[in-house]
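Trainee: Take this structure, written in structure tokens, and hold onto it; I'll ask about it next.
The values are calculated or read from the model by the stated rules, or taken from the named source; none is laboratory data. A quick note: this is a predicted structure, and the numbers were derived from the prediction, not measured. Every residue, glycine as well, gets a Cβ built from its backbone with ideal geometry; the counts of neighbours run over all protein chains shown. Protein only, heavy atoms only, side chains kept; ligands, DNA and RNA dropped before computing areas. Shrake-Rupley method; radii C 1.70, N 1.55, O 1.52, S 1.80 Å.
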Amino acid sequence: MTISRRQVLLIGGLGALGAGAASLPTGAVEAKSASRLSDSEMPRPFQTPFVQAPVLEPYATGTDPSDGLPVNYYRVTQKAATAQILPRLTTPILGYNGLFPGPTVSLDQGTKAVMRIRNQLPAQHALDGHGLSTSTHLHGSASLPQYDGYASDITHPGFYKDYYYPNFQQARTLWYHDHGVHFTALNAYSGLAAQYHIHDPLERQLLPQGRYDVALTISDAMFAASGALGYDDNSHSGLWGDVILVNGQPWPAMKVQKRVYRFRVLNASISRSLRPMLSTGDPLVVVGTDSGLVPIAQHVANYRHAGAERYEVLIDFRKYKTGQRIELRNLSNKNNVDYNYTNKIMAFEVTDEPVDTSDPTWNQLPTTLAGSEAMQLTSGQSVKTRRFRVKRNDTTNMWTINDDSWQDVIASGYKKVVADPAIDSVEIWEFENRSGGWFHPLHIHLVDFQIISRNGRAPFAYERGPKDVVYIGEDETVRLLMKFTPHKGVYMMHCHNLPHEDHDMMVQFRVGLAATDVDYNDPMTAAKAVWDNEKD
Ligand code: C2O
Ligand code: CU
């Protein structure tokens, strides 16, 4: 395998690349380190206190005159900043409000949001010099096409764009992240990612709230000797860092009471997939998937968790002893590159802080949760089955979906689509991954889907809930059932291994419109970025 000059420069240059890189793409290997940090600067598990990103407060609230619904107005500034990730060295990052990860949005179903995303980034990325024009996607939201973070709908430094989010959907864990065309991987890796929560009355009644409703944004990173982030995507195969971050801190330790906690686990890694488990062997209780609560809670010993997937899990700390440490470990999966400590994620330390037993969720492990529209669909409603194959093109070395890529979309003047479902129609989409060498987390914008089969059998217990990303493992075929609602327009579908997406495993489909209708809700022209007169 050849390593390009560009990749060598991005990791900060000194000496040979990690053993992991050199042995790709044949599969997972044990390698000493990817980072170039000296031993004394290298973080170690469970030395750092657990933190969460701050909740973003709206700067104003109002009412939408068209339907009387409340509206929260938010302002987020994308900027270069430094983060304290390592014990002593500081790390330059790009962050929403300068934070890694960015601030969490939390609101109720039925409250709309207008989010002004200001691009105050430098003109170029410090690592590779690419232009820092961005596009912001609220992953999990059925947004109109012009507010969906269409990759080529970019906002240049010095401009802002107002994104309108409907938030009519049931309770779920969403996230917003950069989607800028061809540079999503490095931009998201540099810090442009954050959680966004929609609450609803049922979810508030069944599941822990407030300080017991905990966001876990997990990512991996590698560091140059200076403390800067290193970047090596192994010829666009993927980036596997040797440091696991939770909410931007390496392997943190969190103090917990003897009660039930809810964790919103987002794998924000750009390539790595996880297989979380508890060191005690006790179950993780899956109560939510990407697009909301599951119909029936699933108790699992571990589960496979690709980039961009969200799983909401309950952990019951009632039976543990004061002072006991429980680790959240990572068993990993095929075709990740693992390092000495990538088998650990974080730790929980049980305290004797008194538990408020007047909170009914303190000991509640619900069995039946919620029916979502996606989970109520039946295959009999499907009017069409479409088949897609995900693979690397042997000639061009590009990642493709049915041999199509975003290059083809650009070359067609953004007209080319791989599917054209009617509005409100139900279809089955099948994805086949014949490669034994790669897994692909496939994300479909706009819709929530139900996984109806995996290799002809029932999906895994933990993925029997509404989804918008599906793990397509090596030699796997998955069938998805979904309804194309509620918006007409073009939407993207892509691999969420972000180096794959950028090179160029992304296509689009058109809902409810004829080919001649594409100006309707055009993602690049219907709502444009505006020059920002304010500076900060
Ligand atoms: Cu999370 Cu199209 O992205
Ligand atoms: Cu992929």
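Trainee: Between 136, 189, 42, whose Cα lies farthest towards the positive end of the dipole of the chain when Lys and Arg beta carbons carry +1 and Asp and Glu beta carbons carry -1, centred on the Cα centre?
Mentor: After comparing all options, I get 42.
Trainee: On to the next question. May I ask you to list the lysines whose Cα is less than 18 Å away from that of residue 79, ignoring any residue fewer than eight positions away on the same chain?
Mentor: Counting by Cα, and skipping residues close in sequence, residue 79 has these lysines nearby: 161, 535.
Trainee: Starting from the Cα gyration tensor of segment 428-468, take the square roots of the eigenvalues, sort them a ≥ b ≥ c, and report rounded, prolate or oblate (rounded when a/c is under 1.5, otherwise prolate if a/b is larger than b/c, else oblate).
Mentor: Numbers: a/c = 1.80, a/b = 1.25, b/c = 1.45.
Here segment 428-468 falls in the oblate category.
Trainee: Restrict the search to segment 44-117; then list the chymotrypsin sites (Phe, Trp or Tyr not before Pro) that DSSP places in a loop and that have at most 12 other Cβ atoms within 10 Å of their Cβ.
Mentor: Answer by residue number: 59.
Trainee: Restricting things to alpha carbons, tell me how big segment 378-428 is in terms of Rg and Dmax, in Å.
Mentor: 14.0, 40
Trainee: Also: Tally up the carbon and sulfur contribution to the accessible surface of segment 373-511 as a whole percent, 1.4 Å probe, everything protein left in place.
Mentor: Values: 2120 of 4770 Å².
Within segment 373-511, the accessible surface is 45 percent carbon and sulfur.
Trainee: Work out Dmax and Rg for segment 21-133 from the C-alpha atoms and quote the Rg first, both in angstrom.
Mentor: Every Cα atom of segment 21-133 included, Rg and Dmax give 20.0, 60 Å.
Trainee: What dipole magnitude, in Debye to the nearest 20, does the chain give about its Cα centre under +1 on Lys/Arg Cβ and -1 on Asp/Glu Cβ?
Mentor: Values: 50 positive and 56 negative charges, 181 e Å.
Its charge dipole is roughly 880 debye.
Trainee: Same structure, new question: Send over the Kirkwood Rh of segment 275-377, from the inverse of the averaged 1/r over different Cα pairs, rounded to one decimal Å.
Mentor: Working: mean 1/r = 0.0643 Å⁻¹.
That comes to 15.5 Å for segment 275-377.
Trainee: Tell me which aspartates and glutamates have Cα within less than 16 Å of residue 258's Cα, excluding those fewer than 8 residues away on the same chain?
Mentor: Residue 258 reaches 213, 282, 316, 327, 349, 352, 353, 356, 359.
Trainee: Please give every one of the lysines within straight-line cross-link reach of residue 32, meaning a C-alpha to C-alpha distance under 26 Å, and leave out same-chain neighbours fewer than 8 residues apart.
Mentor: In chain and number order, the partners are 334, 344.
Trainee: Answer with one residue from 54, 320, 289: the one whose Cα lies farthest towards the positive end of the charge dipole of the chain, charges on Cβ with Lys, Arg +1 and Asp, Glu -1.
Mentor: Looking along the dipole axis, the top candidate is 320.
Trainee: Got a sec? Charge dipole of the chain, +1 on Cβ for Lys and Arg, -1 for Asp and Glu; which of 160, 515, 360 is way out at the positive end?
Mentor: Final value for the positive-end residue is 360.
Trainee: Still on this structure: Given the C-alpha atoms of segment 373-511, compute the convex hull and give its volume per residue in Å³. It would help to have the intermediate numbers written out before the result.
Mentor: Working: hull volume 13.7 nm³, N = 139.
Once divided by residue count, the hull of segment 373-511 is 99 Å³.
Trainee: Still on this structure, I have one more. Would the chain count as rounded, prolate or oblate if I go by the C-alpha gyration tensor, calling it rounded below 1.5 in a/c and otherwise prolate when a/b exceeds b/c, oblate otherwise? Please list the in-between numbers first.
Mentor: Working: a/c = 1.24, a/b = 1.07, b/c = 1.16.
Taking the square roots of the gyration eigenvalues as a ≥ b ≥ c, the chain is rounded.
Trainee: Using only the Cα atoms, work out Rg/Rh for segment 60-199, with Rh taken as the Kirkwood radius, to two decimals.
Mentor: Numbers: Rg = 15.3 Å, Rh = 15.4 Å.
We get a ratio of 0.99 for segment 60-199.
Trainee: Express the accessible area of segment 128-173 per residue in Å², computed with a 1.4 Å probe while the remaining protein chains stay in the model.
Mentor: Numbers: 1010 Å² over 46 residues.
Result: 22 Å² per residue.
Trainee: What dipole magnitude, in Debye to the nearest 20, does segment 402-536 give about its Cα centre under +1 on Lys/Arg Cβ and -1 on Asp/Glu Cβ? Could you put the intermediate results ahead of the total?
Mentor: On the way: 13 positive and 23 negative charges, 87 e Å.
Result for segment 402-536 is approximately 420 debye, rounded to the nearest 20.
Trainee: Per-residue accessible area for residue 165 at 1.4 Å probe radius, Å² rounded to 10?
Mentor: Counting only protein heavy atoms, the figure is 10 Å².
Trainee: Cα-Cα pairs above 17 Å in segment 204-313: how many percent? Can you show the working numbers first?
Mentor: Details: 3558 of 5995 pairs.
Of all Cα-Cα distances in segment 204-313, 59 percent exceed 17 Å.
Trainee: Related question: What's the lysine pair count for segment 373-511 at a Cα cut-off below 16 Å, pairs eight or more apart or interchain?
Mentor: Details: 384/483; 415/488; 416/488; 467/483.
Close lysine pairs under the 16 Å cut-off: 4.
Trainee: Taking segment 363-452, how much of its Cα-Cα pair set, in percent, is spaced more than 19 angstrom apart? If you can, show how the numbers build up before the last one.
Mentor: Details: 2228 of 4005 pairs.
The answer is 56 percent, as a whole percent.
Trainee: Give the residue list of chymotrypsin sites (Phe, Trp or Tyr not before Pro) in segment 162-258 that are DSSP loop and have at most 15 other beta-carbon atoms within 10 angstrom.
Mentor: On the way: sites: 163, 164, 168, 175, 176, 183, 189, 196, 212, 223, 231, 240; in loops: 168, 183, 231, 240.
Listed in order of number, the matching sites are 168.
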